[in-house]
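> My questions will all concern the structure given below.
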């Protein structure tokens, strides 16, 4: 009886995710891959960099996602004059009603929400960027020696504009590594753009209803961690990452195109992100074990901001995504059998 209850619980989660996609689809036209990657990131406890030209509904997408998940949402517009305390908060002097007592009180900044849209994060100086990234890493803000924990769950979705780069402060590679995914938002297709125009220029506007609660999100995050992954799949994820390192161990089989076009490869955190995101991908796809296809599906958003190309790649138009494509094509996967259903239930129950 216990096994059936556990399995039915996971099935309910999958049905809820399907409803979530349907609710988001009421407002957001197309962008199915982007929505999928955002859901994987949220259920993997990860943060995202979202890159796209203006007018592609990045803010609307994130706000809609927060509404569907019943999460508190704050948007922070990053500007060159934004200070760290403008996002984390500051201490102010509070005076009692009679004026007999004064004390410092912490006034929370906009970062104290479940979903933070850090709009144009590359527009603000490194000092302010560092304050945001420290809060992401530590899950807290320390002011006046006092620890102020951030709400749980907590996600930062930082947008970058690929054009108008004059006067910006690009995130260093070491800082980008703190983000689980880097997601590209592309232009809509002709049919999608037609639907967008029709939907947004009429009197009636679509509304969404909440599908998840905060507790339900945390429960799914815990289930993701318990999804089993076989050793051959772990080794496949490791091989993808290790092949990006031109200065790896002598016995590593580093492809020629990597040696020619890559200046710096991905670190161990990339392996962790591939496995965790692969687990979430498998669960959203209705499977209770991770397959090589799940690793391939998340390889681009996980690796594209962790591989640094050199001058030769830029001169020849050899993009990071093309390097990842060739890594997937040239990395063999070991034969492995899917875990049996009984073993899966045992893992999920533990």
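The values are calculated or read from the model by the stated rules, or taken from the named source; none is laboratory data. Bear in mind the structure is a predicted one, so any value in this text is a computation, not a measurement. Note that we place each Cβ from the backbone using ideal geometry, even for glycine, and neighbour counts take in every protein chain shown.
> I'd like to know if the stretch 189-202 contains one or more residues that are at pLDDT below 90 and under 21 Å from the mean Cα position of the chain (by Cα).
no
> In this structure, is residue 171 touching a helix residue (DSSP H, G or I) at 6+ places or on another chain (Cβ under 9 Å) and over 13 Å from residue 86 (Cβ atoms)? First the steps, then the outcome.
On the way: touching a helix residue (DSSP H, G or I) at 6+ places or on another chain (Cβ under 9 Å): yes; over 13 Å from residue 86 (Cβ atoms): yes.
When the stated conditions are applied, residue 171 passes them.
> Something else now. Would you mind stating whether residue 267 is under 20 Å from the mean Cα position of the chain (by Cα) and at pLDDT below 90? Outline the logic, then answer.
Numbers: under 20 Å from the mean Cα position of the chain (by Cα): yes; at pLDDT below 90: yes.
So residue 267 fits the description; yes.
> Restricting attention to strands (runs of 3 or more DSSP E) lying wholly within the stretch 89-206, give those where 2 or more residues are under 29 Å from residue 306 (Cβ atoms).
On the way: elements: 89-95, 102-108, 115-119, 140-143, 146-149, 155-160, 181-184.
Answer list for the stretch 89-206: 115-119, 140-143, 155-160, 181-184.
For every residue, the table says whether it meets (1) touching a residue at least 12 places away in the same chain (Cβ under 8 Å); (2) touching a helix residue (DSSP H, G or I) at 6+ places or on another chain (Cβ under 8 Å); (3) surrounded by 14 or more Cβ atoms within 10 Å (Cβ to Cβ).
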position: 188; (1), (2), (3): yes, yes, yes
position: 197; (1), (2), (3): no, no, no
position: 200; (1), (2), (3): no, no, no
position: 206; (1), (2), (3): yes, yes, no
position: 223; (1), (2), (3): yes, yes, yes
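> For the structure I just gave you, tell me whether residue 173 is at pLDDT below 85 and more than 24 Å from residue 34 (Cβ to Cβ). Working first, answer last.
Values: at pLDDT below 85: yes; more than 24 Å from residue 34 (Cβ to Cβ): no.
No: the conditions fail for residue 173.
> Please state which of the following conditions residue 262 fails to meet, knowing it meets all the rest: (1) at pLDDT 90 or above; (2) farther than 21 Å from residue 37 by Cα; (3) in contact with a strand residue (DSSP E or B) (Cβ under 8 Å, 6 or more places away or on another chain).
In the conditions (1) at pLDDT 90 or above; (2) farther than 21 Å from residue 37 by Cα; (3) in contact with a strand residue (DSSP E or B) (Cβ under 8 Å, 6 or more places away or on another chain), residue 262 misses (1) alone.
> Quick one: residue 90 ticks every box in (1) modelled with pLDDT of 85 or more; (2) farther than 21 Å from residue 62 by Cβ bar one, so which box is it?
Result: residue 90 fails condition (1) only.
> Quick check: anything in the stretch 15-27 at pLDDT 80 or above, assigned by TED's automatic domain parsing to the domain that holds residue 133, part of a helix (DSSP H, G or I) and in contact with a strand residue (DSSP E or B) (Cβ under 7 Å, 6 or more places away or on another chain)?
no
> Being in the same structural domain as residue 313 (by TED's automatic domain parsing) and more than 15 Å from residue 332 (Cα to Cα) is the requirement here; does residue 237 meet it?
On the way: in the same structural domain as residue 313 (by TED's automatic domain parsing): yes; more than 15 Å from residue 332 (Cα to Cα): no.
No; evaluated as a whole, the condition is false for this residue.
> Which condition does residue 246 not pass, out of (1) within 30 Å of residue 311 (Cα to Cα); (2) touching a strand residue (DSSP E or B) at 6+ places or on another chain (Cβ under 9 Å); (3) part of a helix (DSSP H, G or I), if it passes all the others?
(3)
> Checking residue 75 against (1) in contact with a strand residue (DSSP E or B) (Cβ under 6 Å, 6 or more places away or on another chain); (2) surrounded by fewer than 20 Cβ atoms within 10 Å (Cβ to Cβ); (3) assigned to a helix (DSSP H, G or I), which test does it fail?
(3)
> Here is a check on your reading of the model: is residue 293 modelled with pLDDT under 90 and not in a loop (DSSP other than H, G, I, E, B)? Steps first, please.
On the way: modelled with pLDDT under 90: no; not in a loop (DSSP other than H, G, I, E, B): yes.
The answer is no for residue 293.
> Within the stretch 45-52, is there a residue that is at pLDDT below 90 and part of a helix (DSSP H, G or I)?
No: the stretch 45-52 contains no residue that is at pLDDT below 90 and part of a helix (DSSP H, G or I).
> Might you check whether a residue that is surrounded by 14 or more Cβ atoms within 10 Å (Cβ to Cβ) and without any contact (Cβ under 8 Å) to a residue 60 or more places away in the chain occurs anywhere in the stretch 227-234?
Checking the stretch 227-234: at least one residue is surrounded by 14 or more Cβ atoms within 10 Å (Cβ to Cβ) and without any contact (Cβ under 8 Å) to a residue 60 or more places away in the chain.
> Give me a count of the residues in the stretch 296-313 that are in contact with a helix residue (DSSP H, G or I) (Cβ under 9 Å, 6 or more places away or on another chain) and outside any loop (DSSP other than H, G, I, E, B).
Filtering the stretch 296-313 for residues in contact with a helix residue (DSSP H, G or I) (Cβ under 9 Å, 6 or more places away or on another chain) gives 296-310, 312-313.
Adding the requirement that they be outside any loop (DSSP other than H, G, I, E, B) leaves 296-303, 308-309, 312-313.
Result for the stretch 296-313: 12.
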